[in-house]
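The values are calculated or read from the model by the stated rules, or taken from the named source; none is laboratory data. Please read all numbers here as calculations on a predicted model, not as lab measurements. Ideal geometry is used to build each Cβ from the backbone, glycine not excepted, and the neighbour counts take in all protein chains shown. Side chains are part of the model used for accessible areas, which takes the heavy atoms of the whole protein and leaves out ligands, DNA and RNA. Shrake-Rupley method; radii C 1.70, N 1.55, O 1.52, S 1.80 Å.
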Amino acid sequence: LAAGDALLTMRAQHNAVRGGMSYSLPVRLENTVVAYVRYVGHAFWPVHLSPAYSHPGAAIPLWQVVASCAFLLSATALILASRQRYLLIGWLWFLGILVPMIGIVQVGDQAMADRYAYIPFIGLFWMATWTIAEAGRDWHVSPRWLAVPACLAIAGTAILTPRQVSYWRNSETLWRYALSVTDRNFIAHSYLAAALTKENRHEEAMVEIGRAHV
């Protein structure tokens with residue numbers, strides 16, 4: 001059933017992509033390595049999140065690609081050298097489960113999508129949790145002291161969550177927020193134009209359509 005569902009999904013997305021913009025394999029691979037690192041950043045520093053991130057195409061700076069490759073290779077080498085199974089399993093979980101959604105096979109015009117990352121992030125959180133637990137045991141740190149940063153992390157997310165949810169009040173608020181935290185986001189401009197059109201604000205919608213095609 002899973003294999004059949006995967007084939008149907010890929011077929012549907014292939015048909016959808018044929019009617020839109022298509023990117024070459026080198027461009028998709030460049031975006032893939034940068035997106036992996038961006039996902040890691042979003043897992044541990046969830047700010048400036050957007051419902052959509054436009055694919056930059058061939059405009060990804062070379063330094064970002066090189067730096068992302070260096071980070072991924074260095075992290076993998078350190079994990080292998082550590083010989084800690086929980087680090088290896090967590091890292092492979094993160095890298096592997098993201099493969100169908102990371103952009104090697106193009107699905108739409110987005111560079112990445114945070115909604116794809118919830119299950120892959122479990123691997124990163126495994127790594128962090130077991131690393132802290134092992135360090136606490138080796139350094140003879142009381143579990144009570146380990147609970148302090150855990151409570152602070154939970155408190156931080158509790159404060160940030162209502163703020164993030166507030167951006168989903170309506171379509172206009174959501175897409176204007178997306179434009180405030182991303183650059184050259186033609187997806188957000190297009191959806192904002194659609195929202196304005198539904199409200200019969202056609203002149204404003206035409207401005208957003210123009211910006212989407214810049």
Determine, yes or no, whether residue 138 is closer than 27 Å to residue 8 by Cβ and not β-branched (Val, Ile, Thr). no
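Yes or no, residue by residue, for (1) open to solvent by less than 40 Å² (accessible area, probe 1.4 Å); (2) charged (D, E, K, R); (3) closer than 24 Å to residue 185 by Cβ; (4) part of a helix (DSSP H, G or I):
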residue	(1), (2), (3), (4)
26	no, no, yes, yes
32	yes, no, yes, yes
36	yes, no, yes, yes
51	yes, no, yes, no
67	no, no, yes, yes
75	yes, no, no, yes
Quick one: which helices (runs of 4 or more DSSP H) sit completely within segment 130-214 and have at least 2 residues that are under 25 Å from residue 46 (Cβ atoms), in contact (Cβ under 8 Å) with a residue 12 or more places away in the chain and in contact with a strand residue (DSSP E or B) (Cβ under 9 Å, 6 or more places away or on another chain)? 186-198
Do we have residue 23 as under 22 Å from residue 175 (Cβ atoms) and among the hydroxyl-bearing types (Ser, Thr, Tyr) here? no
Just need a number here: residues in segment 92-129 that are part of a loop (DSSP other than H, G, I, E, B), open to solvent by less than 70 Å² (accessible area, probe 1.4 Å) and either among the hydrophobic types (A, V, I, L, M, F, W, C) or touching a Lys or Arg at 6+ places or on another chain (Cβ under 7 Å) (or both). 7
Where residue 184 falls short, out of the listed (1) at positive phi; (2) at pLDDT 90 or above: (2)
Is it true that some residue in segment 60-74 is under 15 Å from the mean Cα position of the chain (by Cα) and modelled with pLDDT of 95 or more? yes
Given 41, 57, which one is small (Gly, Ala, Ser), open to solvent by less than 60 Å² (accessible area, probe 1.4 Å) and more than 21 Å from residue 121 (Cα to Cα)? 57
